[in-house]
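So the structure is just underneath, and the comments pick up after that.
The values are calculated or read from the model by the stated rules, or taken from the named source; none is laboratory data. Everything numeric here is computed off the predicted structure, so don't read it as measured data. Note that we place each Cβ from the backbone using ideal geometry, even for glycine, and neighbour counts take in every protein chain shown. What goes into the accessible areas is simple: the full protein's heavy atoms, side chains included, and nothing from ligands, DNA or RNA. Shrake-Rupley method; radii C 1.70, N 1.55, O 1.52, S 1.80 Å.
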Amino acid sequence: MKKIPFTLLFLGSLFYASAQKKSTDQKVDSVLRMMTLTEKIGQLNQYSGGDDDTGPTTKDGDKHNQIKKGMVGSLLNVTGAKATRALQEIAMQSRMKIPLLFGQDVIHGYRTTFPIPLAEAASWDLPAIERSARIAATEASAAGIHWTFAPMVDIARDPRWGRIMEGAGEDPYLGSLIAAARVKGFQGNGLGNTNAVMACVKHFAAYGAAVGGRDYNSVDMSLRQLHEIYLPPFKAAAEAGAATFMNSFNDLNGTPATGNKYLQRNILKGEWKFSGFVVSDWGSIGEMLNHGNVRDSADAAFTALTAGSDMDMESRCYKNNLATLVKDKKIKIELIDDAVKRILRKKFEMGLFDDPYKFCNEQRENEQRNNIQNLLAAKIMAEKSIVLLKNENNILPLSKNIKTIACIGPLIKAVRENLGFWSFQWQDDTVKIVTVWEGIKNKVSAGTNMLYAKGCGIKDSSRAGFAEAIAAAVKADVVVMNVGEAGDMSGEAKSRSNIGLPGVQEELVKAIIATGKPVVVMISAGRPLIFNYTADNAPAIIYNWWLGTQAGNAVADVLFGDYNPSAKLPVSFPRTEGQIPVYYNHFNTGRPAANDSDVNYVSAYTDLLNSPKYPFGYGLSYTNFAYSNISLDKNIMAATEKISATITITNTGNFAGEETVQLYIRDMVGSVIRPVKELKGFQKVFLQKGESKNVSFTFSTADLRFYNDQLQYNYEPGNFKIFIGGNSVDVKEKEFILK
Ligand code: BGC
């Protein structure tokens, strides 16, 4: 066969893509031309279907009738193929027969619940994270859902903020890669496939920087910090092809994000050329009245639409005011048309105009329940998410032949708690949740005697169960404890000022450690907690987060050595609440501390060590990894060149294991000051016992760019340090000069 030159192929595919787009645009225009103003505004209106309301609802009459009149473009919180079909049938009775979009917060799995996103981020495993989102999309799309309100890509440096559980932690580089992986996972091979759901990147923007970690609170930050730390994951998600964005509840530098033109028009739709649509957060258009930047709900509608919010989730401001605003010539019809077109385009791309019921397939929905492959993937993801924080004298892994094991704590037999916030399974008991107790039971030998004592409740102040727990510990060879937060203690509107172990749980840990038995403490939570007594006194600590449907099986695999833990913290753990925010990529200040306990007129707290309790990137394995022979292929780099850094890593312990090798840089002198470290690369390597491998990272000036005080994104010549290691603190370093 004759070879077609690459350029022709390339031009051909460009032509094909633009022809496709054109034909979709033409279809959109032909629909738009036939629509009345009421129908156009209808497309911008989203209601909650009420199956699981995720905010304060507005009761305003017969939704079915409004759907029939074409006054609703989308619904959220309608569960199941049958229910979505029934509503779509009503939409098909409307004059224009424009299909509804069904949205849902599919945050970490649908039927099969995966670990919470922060836990998945601890895996640093992009293909696994993408797969988790892919499975969630497959299950959700089979239940009639077209659109997930995920990924949440908000950078979070404050663990008091309950929504830290929903994101990928504190780092913009890791966060960007994870954001893109999740978008790809949700959207699969592209919109139009029956197992692809539209991603919705949220919350645009800077929601994670709420003052004091209090949800919905104000955000005030420099534009440089916004661009450098908070926006990169959004940009990465947009570049990965995310279909939609959601704006956020917070005000940013005095303007609520929902009414923020700079964010939505200038950056998102302008600079980034985002062609999808923006949905408001729940009621956030109306909430601008409370913020105080609008006079009334008409002003709110005007401000939000002008700023670039295309769809109104639940506030009714668009529905109640846009028609009058157009008639009074306060809003140009072109502005409405632009928003409507963005939404219609997605409905076309999803194939809903061809078949509005293509996602409502009860048979497919049922096939997805208890799908063995999905459960297995959830277990693997959970194993990859578990962080080993401490393992004194290698007490882990445990032997499966222990004679007596005491399982103690309020979370050992917990069921629903394993799913954490933003999970659906409670609505449907057909997928079994494996508890930690069951996981251990399935793993130990037939001769092992398992003792159980709850010890105390998660939040209660009663110590009445302590005696029974101590008695169980005394009889055991090993004690395994599971303490932590209830599944609804981290999440939306779940900010906490005290992030210690709730109730009397740490006292229980103390009482059990006092028995002198070997104790393994497992902590389940949706955020970094503070547990200094446990950290300093328990010989072994495992951070479980919330692991989902397969929690118990994954935990047991780790406890008994069938999986060697490999996760690394995606966020720093503070020593006390007073140390918050503590993050690895901080500036040096003019008076940096010389060491961890230096308080001599340096930037430090006089009553606290300077380091976090556990640093970003930290996590142990049952084996040990030694780093040696760091080298660079050049010491002076021209701007047109690339530079490679290589390090040898050796498995010096007794188990095969996986290490996440992390590369950080420091730009020593900048026109604006630069952080002491910035993550710029990582690689996961698997090493057999005794095995060594060289790991290389190659980077260019593109990786050395930053925002200067004019918000220009560029590199500057000068001296740089590179650091390579298994976390952000224990690193080997080298220097180079960029000419
Ligand atoms: C949350 C969003 C969520 C929406 C719909 C809001 O309260 O902030 O993240 O997608 O509700 O449930």
message = Looking only at the range 95-115, filter to residues that are under 10 Å from residue 423 (Cβ atoms) and of a type in the set (Phe, Trp, Tyr); which one of those is farthest from the ligand (Cβ to nearest atom)?
response = 114
ask   = Which one of these does residue 629 not meet: (1) more than 17 Å from residue 722 (Cβ to Cβ); (2) assigned by TED's automatic domain parsing to the domain that holds residue 722; (3) open to solvent by 70 Å² or more (accessible area, probe 1.4 Å); (4) out of contact with any Phe, Trp or Tyr (no Cβ under 7 Å at 6 or more places or on another chain)?
value = (1)
key: Pick from the range 183-193, criterion open to solvent by less than 60 Å² (accessible area, probe 1.4 Å) and in a loop (DSSP other than H, G, I, E, B), ranking: nearest to the ligand (Cβ to nearest atom)   = 188
message = Can you find a residue that is within 16 Å of the ligand (Cβ to nearest atom), free of Cβ contacts under 8 Å to residues at least 60 places away in the same chain and outside any loop (DSSP other than H, G, I, E, B) anywhere in the range 146-154?
response = yes
message = For the range 155-178, which positions are open to solvent by less than 10 Å² (accessible area, probe 1.4 Å), in contact with a Leu (Cβ under 9 Å, 6 or more places away or on another chain) and either of a type in the set (Lys, Arg) or away from the ligand (no atom under 16 Å from the Cβ) (or both)?
response = 159, 169, 171, 174, 178
request  = Please work out if residue 134 is away from the ligand (no atom under 16 Å from the Cβ), under 22 Å from residue 229 (Cβ atoms) and at pLDDT 95 or above.
outcome  = no
task = Identify the single condition in (1) surrounded by fewer than 24 Cβ atoms within 10 Å (Cβ to Cβ); (2) within 20 Å of residue 413 (Cβ to Cβ); (3) touching a residue at least 60 places away in the same chain (Cβ under 8 Å) that residue 546 does not satisfy, given that it satisfies every other one.
result = (1)
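Considering only the range 599-608, I want to know if a residue exists there that is open to solvent by 50 Å² or more (accessible area, probe 1.4 Å) and of a type in the set (A, V, I, L, M, F, W, C). Steps first, answer last, please.
Start the filter on the range 599-608 by keeping residues that are open to solvent by 50 Å² or more (accessible area, probe 1.4 Å), which leaves 599-601, 603, 605-607.
Restricting the remaining residues to those that are of a type in the set (A, V, I, L, M, F, W, C) gives 599.
Yes, because at least one residue in the range 599-608 is open to solvent by 50 Å² or more (accessible area, probe 1.4 Å) and of a type in the set (A, V, I, L, M, F, W, C).
Go through the range 603-646 residue by residue and tally those that are hydroxyl-bearing (Ser, Thr, Tyr), touching a helix residue (DSSP H, G or I) at 6+ places or on another chain (Cβ under 9 Å) and within 19 Å of residue 157 (Cα to Cα).
Let us first name the residues in the range 603-646 that are hydroxyl-bearing (Ser, Thr, Tyr), namely 603, 605-606, 611, 614, 618, 621-623, 627-628, 631, 640, 644, 646.
With the extra rule that they be touching a helix residue (DSSP H, G or I) at 6+ places or on another chain (Cβ under 9 Å), the set shrinks to 605, 614, 622, 640.
Subsequent filtering for residues that are within 19 Å of residue 157 (Cα to Cα) retains 605, 614.
Count: 2.
Looking at 492, 507, 468, which is the one that is within 28 Å of residue 113 (Cα to Cα), at pLDDT 95 or above and not in a strand (DSSP E or B)? Steps first, please.
Numbers: 507 fails: within 28 Å of residue 113 (Cα to Cα); 468 fails: within 28 Å of residue 113 (Cα to Cα).
Result of the check over 492, 507, 468: 492.
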request  = May I ask you to verify whether residue 738 is surrounded by 13 or more Cβ atoms within 10 Å (Cβ to Cβ) and either within 21 Å of residue 626 (Cβ to Cβ) or not small (Gly, Ala, Ser) (or both)?
outcome  = yes
ask   = Do you know which residues across the range 390-418 are modelled with pLDDT under 95 and open to solvent by less than 10 Å² (accessible area, probe 1.4 Å)?
value = none
